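Taking it in order: structure first as structure tokens, then the write-up.
No value in this document is a laboratory result; all are computed from the given coordinates. All values reported here derive from a predicted model rather than from experimental measurement. For neighbour counting, all protein chains shown are included, and Cβ atoms are generated from backbone atoms with ideal geometry for every residue, glycine included.
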Amino acid sequence: MKPSEPVNILVVDDMAEKILAINDTLAELGQNIVQAHSGREALRCLQKDDFAVILLDVNMPEMDGFETAALIRERRRSEHTPIIFVTAFNDQVQTAKGYALGAVDFISTPIDADVLRTKVSVFVELFQKTETIRQQAAHRVQLAREQAARQVAEKAMRRSALLAEASRLLARSLDFDTTLASLHRTMVPTLADACQLVLYDANMDLWFARVRPADARVQRAASTGSHSRIEQVSPKLGVAVREAVSSGHAQPLSSEALGSAPDLGDKRNWSSVIVAPLIARDTPLGAIVCCLCGSRAQFEPNDITLIEELASRAATALDNAQLFQTIRDGERRKDEFLAMLGHELRNPLAAITNAGELTRLLEPSDAAFQESLEIVRQQASLMKRLVDDLLDVSRITSGRVQLQKTRVNAAEIVARVAESNEVLFTSRGHKLRLSLPPKDVVLEADPYRLEQILSNLLVNSAKYTDPGGDIWFSAEREGNDVVFRVKDTGIGIGPDLLPSVFDLFAQANRSLHRAEGGLGIGLTIVRGLTELHGGRVWAMSEGFGRGAEFVVALPAAVDGVSREEAKPPAMSANSIRSRRVLVVEDQPALARVTVALLRKLGHDVRAAADGREALLAVREYNPEVVLLDIGLPGMDGYEVARCVRSEYGADSPLLVAMTGYSQHEVNRHARRAEFDHHLVKPADMNVLKELLAQA
């Protein structure tokens, strides 16, 4: 209320003429006079309004003034309201009783008007001043609340501005080291006096990473950010980081646990240290350690909450930088691979082209003529292996390889792989040291794919080992596994490449004189085929120049009983008799060469260029063997084969599918009844000879 506003005065008396007389007396005060004719009516008035003073008659019927006063004092709203008793009998007993009930004064009747006005005006003025003070206090409380709310809002705005600026800085670049520097600028000195980043590596070991802004020279040299890992953390700090990552919240830390943190080592009197986790996509990346110095400096709860929020945003930015770097590295490796593929294919193509041109200038009796033909054969075989590798890695990465498992004797497979690669080691001057397991060491595996795994490892070791180096090749039973090991004295594997040595297109840097080193997909094929067998593969190396070791562990067979693999009967030249062979091929050059080759081997051969011509030739020529291309124009090879089966039934010739598609396509169609055999172009001539002999 305002000071000029009238206050309430309650007059309680059962006699109307007395109330009227008091009203006339107090009218000069200009206040609001409220009348009550009984104690109960007075109590009802007190429930609704506040009063500056109460003039209460002592002698009233039903409830006298003392009883009314007692009830007034029991109520919180009126317990301190001044009460002036009005009575015609003012003895000491009544006075004592009135003061005991909280009365402030007694007025005897008949009432002296001046005395009454004077006493009431005192309490009116007191009430007005008290109300003014109360209102001022309420105003100050409201002002304090508004100021506090304003401060909270300002802090929230500053926090939002800080988070917005941090997000802008962290999102400004996808370079890993630039992101680290932006994180440092966000944290120091706004929230902490110093900070240090701790990151997991591929083996989930923790390393310190430098977050201070690097100079221009270092920034220009930045690549994957792996160089930022500068020192491994102490065990105590590692435990704290893992606890923070596990809880998802910042954890306090003693300064002693910092150990040899590079960016925190210049001060040892940190007064407050916390470690906040860096987690992105539910994957822990590490943590950030924040420090304050000063005897009384401590991280406040709001600061810790803000640091956690910044750490979360920083983790997202770092994760994005790593993903971008991974994509960029993949693109770089792909470009390098395409360049290497062109190089690897052009080398044998150049040799084949030059050898072909040379044979045109030579007589068949010339020794160089046969040497040129051998070069063509070798280089064509190399190109076939490159193409097979490309197809294999595509099928493995897409999960389209089907294994044909059987029981394989480990000693026999090791000896066979070593023998098949003997020419490679001899040409490079390597010493291959074999260690064969006992005869009873067997495993369930696809023998063709197992040979591919081991051959790729041996070829890889040969490529990266200088002439005269040693290569160890062994197999042994270890627990429930058969473990194959290939170890060399070659150039070794650096720590940066070791975790990704089995990744697609990953290769160590090699000089130009090592350019025959392949496509960088051999180890990817090894890992894929090993995992398909339910095994595991890993690499070990002590660094550059210290050699490398590759280990393949495959599940051993349940028992040690080995079954001899069926081997094709050896075919002598005299055991091969002439066959009637129909070659169905739409590529004229390939058809001519195949016909000429088979005729040279003593067979009676005819050719057809499409499906309809092939069906006519089968009816007229009655061949014993049909070498049938799958990808014919119009009527494909499968349709031709179905027609032949339908027409001749059990008297059908031996149908051999010749396809330029992958081995996967061959396996997928192998169960179809149209063909007796499937061969991938270019077909192995020994296999083809065997099929013709068994027709």
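Some notes on this structure:
- D_trans [Stokes-Einstein, Kirkwood Rh over alpha-carbon pairs] for the range 401-555, 20 °C, 1.002 mPa s, µm² s⁻¹: 137
- Across every direction, the projection of the convex hull enclosing the Cα atoms of the range 1-64 has a mean area of 4.4 nm².
- Each part gets one Cα centre, and for the range 411-470 versus the range 136-157 those centres are 81 Å apart.
- The GluC sites (Glu not before Pro) of the range 1-85 that DSSP puts in a loop, and whose beta carbon has at most 13 other beta carbons within 10 Å, are Glu62, Glu79.
- Per-selection Kirkwood Rh - the range 573-694 (Cα, Å, 1 d.p.): 14.3
- Neighbourhood charge, 13 Å Cβ-Cβ cut-off, centred on Leu310 and excluding it, Lys, Arg +1 and Asp, Glu -1: 0
- Eligible lysines near Lys236 by straight Cα distance, threshold 26 Å, same-chain separation 8 or greater: Lys267
- Extension gain for Glu5-Leu345 works out to 111.9 nm (0.36 nm per residue, less the C-alpha to C-alpha distance).
- Longest segment of the chain lacking trypsin sites (Lys or Arg not before Pro) that sit in a DSSP loop with at most 12 other Cβ atoms within 10 Å: 297-438
- For Gly660, nonlocal amide neighbours, meaning residues 5 or more places apart or on other chains whose placed amide H falls under 5 Å from its own, are Ile630, Gly631, Lys681.
- In plain terms, the residue of Cys643, Cys195 with the fewest other Cβ atoms within 10 Å comes first and the most crowded comes last, giving Cys643, Cys195.
- In the chain, helical runs assigned H by DSSP with n ≥ 4 each contribute -39500 (n - 2.57); averaged across all residues and rounded to the nearest 500, the mean residue ellipticity at 222 nm is -15500 deg cm²/dmol.
- HN-Hα J in Hz across the range 362-369 - Karplus 6.51, -1.76, 1.60, θ = phi - 60°, x for Gly and Pro: 10, 8, x, 7, 6, 4, 5, 5
- Cβ-based exposure ranking for Glu5, Glu125, in which fewest neighbours within 10 Å come first: Glu5, Glu125
- With a Cα cut-off of under 26 Å and a minimum spacing of 8 residues unless on different chains, the lysine pairs in the range 401-555 number 6.
- The ranking of Ser420, Ser247, Ser541 by Cβ neighbour count inside 10 Å, starting from the fewest, reads Ser247, Ser420, Ser541.
- Cα gyration tensor shape for the range 123-216, rounded if a/c is under 1.5, else prolate or oblate: prolate
- Per-selection Kirkwood Rh - the chain (Cα, Å, 1 d.p.): 35.5
- Each residue of the range 590-598 is assigned a 3J(HN,Hα), and the resulting list reads 5, 5, 4, 5, 5, 4, 4, 5, 5 Hz, derived from the Karplus form 6.51 cos²θ - 1.76 cosθ + 1.60 (θ = phi - 60°), x at Gly and Pro.
- For Gly535, no residue has an amide H sitting under 5 Å from its own, ignoring neighbours fewer than 5 places away on the same chain, with H placed 1.01 Å from N.
- Karplus-derived 3J(HN,Hα), 6.51/-1.76/1.60, for each residue of the range 27-33, Hz, glycine and proline x: 4, 4, 6, x, 9, 8, 8
- Dmax and Rg, reported as Rg then Dmax, of the range 1-124 (C-alpha, Å): 13.3, 41
- Between the amide H of Val482 and those of Leu554, Ala556, distances stay under 5 Å, these residues lying 5 or more places away or on another chain, with hydrogens modeled in the peptide plane.
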